[in-house]
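All of the numbers you see were taken from the coordinates with simple rules; none came from a lab. None of these values were measured; they are calculated from a predicted model. FYI the Cβ positions are ideal-geometry reconstructions off the backbone, even for glycines, and counts take in every protein chain you see.
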Amino acid sequence: MHNKEFRRYKVAVAGDAGSGKTSLIYRLIGHPDITLVEKTKGVYIETLTNKNIELIFWDFSGQKHFREAILPFFRGSHIVVLVFDLSNPQSLVNLVKEWSIYVKNALNDVPCIVIGNKKDIKTLPDDFIEASLEEMQKTINVREYLEVSAMTGEGLEKFLEVLYNIAEELRSKGI
Amino acid sequence: MSATSKFLEDYVSLACPLCERPVRVIRIYAPSQPGLKQVGVRHDDHVVIIKFDKYGVARDINAYPLVESAVYPQKTTIKCTRCNETVPILYESGLREYAVEHQDHFVIVFLIGKTHVTQTIDKVEPLRVPPRPNIITKIRREIGLKNLAMIMYYCILGEKKRIRVPAIIKEELENFLRKTFDRVPIILQEGALMNLGWCDEADYFWRKLLYVIGFSDKEAIMILKETVEMIKNMVSSLKRLLTRKGEAFVCSQIVYLREKDAKLYELIQKLLHLSCTSVETRE
């Protein structure tokens, strides 16, 4: 059915509740209205196909009381997207002290993209973000950091480009 | 702040994420959605921050160790943006986050390396009221927690199973199921409690019921309702994958759940009408 170049990659999207993970995915798949996004309960799966590459987004609920049920689904991911809210310091600190550890424990050196969402209402200072990224880099393979706004659409084209570049790299390695 | 009768009627009871003891505060209503209203409450040697939505439901809870300003007079300090009091910045403490108490607010300090960010959060007083049994405790008294877990299991299966329960609890149980599942998916009849037995697929519900047993009704129901929705969402997403990619693919995705939570894995398989042991997994 598919030619031999076709590849399918699992993309885990994680981060604290309210950081805008589902809104980002809605934007990427071209959903017309992100105001319809509701809090994710458990896992939400969406696919996007381009250039003979299919990305399967696994959008994980950020709520603490679902963690033990959803974390096993991290396994088998080829790319991880960690999302935080640029107006919420706790969401960034939790990427450093919790989500990075989950990724490290479940996956072996998988490329990670860190997304600072809600750029339109950013309050976090750049030096705090840079220090956090340095900390995360000690634990996981942070390939790229991008600031975007799911609300305005800013930065999403670049985000998609980075995703497909990493997917192409994986394909060239025979993964 | 004294505990008036209004407070006694409308308070939140949750488990502290740091010490696991109960935290009880007056219920707060955020002015608008999606914004959440955060308040902090002193809880012995730490501070608990609770986020409320506009319906007064506690959506998130965090706890931070409390740092006394006087203990660190010589360290780096900044001024509180609200009251101009001192806030110690403890780069060398090994703490990533902590709270400082000021008169009517807490300052939460987040540290990464040699950088910091602060957040100021209104203070509320803890309510010193005796625990009040929630809806789960009342049902548990009459039919037991494992039977309630079994009833939730039958509800999520979606079969119109007939279950006999004592008359004294029937209405309360119907009310609980309606709030948790948005309807009553089984048929409850009055009578002596029938033997519901036990199956491993109900274990996940049992653990969630144990978790919320000390919570106030709104929060307990919210977590159980979200648990049901989580399972339904997971199953509906996996069903879509099943149609598009087939059984082997879905089994390859859920196989890791077996290692972490074999009983939830059994439940998901049951709801998918899938047996992964008979399917060759790819990964």
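Trypsin sites (Lys or Arg not before Pro), restricted to region A:18-87: which are DSSP loop and have at most 12 other Cβ atoms within 10 Å? Intermediate results must be reported in sequence, preceding the final value.
Details: sites: A:21, A:27, A:39, A:41, A:51, A:64, A:67, A:75; in loops: A:39, A:41, A:51, A:75.
In loop regions of region A:18-87 (DSSP not H, G, I, E or B), the sparsely surrounded trypsin sites (Lys or Arg not before Pro) are A:51.
Work through the residues other than residue B:199 whose Cβ is under 10 Å from its Cβ and net out their charges, Lys, Arg +1 and Asp, Glu -1. Each step should come with its number before you reach the end.
Details: positive: B:263, B:270; negative: B:200, B:201, B:203, B:266.
That works out to -2.
With the Cα gyration tensor of the protein assembly as shown giving a ≥ b ≥ c as the square roots of its eigenvalues, does the rule (a/c under 1.5 for rounded; else a/b larger than b/c for prolate; else oblate) give rounded, prolate or oblate? Intermediate results must be reported in sequence, preceding the final value.
Details: a/c = 2.07, a/b = 1.02, b/c = 2.03.
It comes out oblate by the Cα gyration axes.
Angle check, please: helix B:247-260 long axis (alpha carbons) against the longest principal axis of chain B (alpha carbons), in degrees 0 to 90, nearest 10.
The answer is roughly 50 degrees.
Between residue B:75 and residue B:19, what is the FRET efficiency for a Förster distance of 30 Å, r being their Cβ-Cβ separation, to the nearest 0.05?
After rounding to 0.05, the efficiency reads 0.70.
Could you work out the local net charge near residue B:190, counting Lys and Arg as +1, Asp and Glu as -1, over the other residues with Cβ closer than 14 Å to its Cβ?
The answer is -1.
Can you give the log10 of the normalised intensity I(q)/I(0) at q = 0.12, 0.13, 0.19 Å⁻¹, computed with Debye over equal Cα scatterers of chain A?
One equal scatterer on each Cα of chain A leads to -0.50, -0.59, -1.34.
Please label the shape of chain B as rounded, prolate or oblate, based on the square roots a ≥ b ≥ c of the eigenvalues of the alpha-carbon gyration tensor (a/c under 1.5 means rounded; beyond that, a/b larger than b/c means prolate, else oblate).
Judged from the Cα gyration tensor, chain B comes out oblate (a/c at least 1.5, b/c at or above a/b).
What whole-number distance in Å separates the alpha-carbon centres of region B:218-260 and region A:105-122?
Their Cα centres are 23 Å away from one another.
Where does the charge balance sit around residue A:101 when Lys and Arg score +1, Asp and Glu -1, over other residues with C-beta under 13 Å from its C-beta?
Surrounding charge for residue A:101 is +3.
Relative to the longest principal axis of chain B, what angle (0 to 90°, nearest 10) does the C-alpha long axis of helix B:145-157 take?
So the inclination is approximately 70 degrees.
By per-residue mean of other Cβ atoms within 10 Å, what is the highest-first order of B:166-177, B:182-193?
B:166-177, B:182-193
Enter the mean number of other protein chain beta carbons within 10 Å of the beta carbon of each residue in B:101-113, as an integer.
Averaged over the peptide's residues, the number is 3.
Can you tell me the FRET efficiency between residue B:162 and residue A:49 if r is taken as the Cβ-Cβ distance and R0 is 56 Å, rounded to the nearest 0.05?
0.75
If r is the Cβ-Cβ distance from residue B:194 to residue B:275 and R0 is 22 Å, what FRET efficiency results, to the nearest 0.05?
For R0 = 22 Å, the calculated efficiency reads 0.15.
Can you give the average number of partner chain beta-carbon atoms within 10 Å of each beta-carbon in peptide A:64-76, as a whole number?
6
Averaged over its residues, how many other protein chain Cβ atoms are within 10 Å of peptide B:258-268's Cβ atoms?
Per-residue shielding by partner chains comes out at 2.
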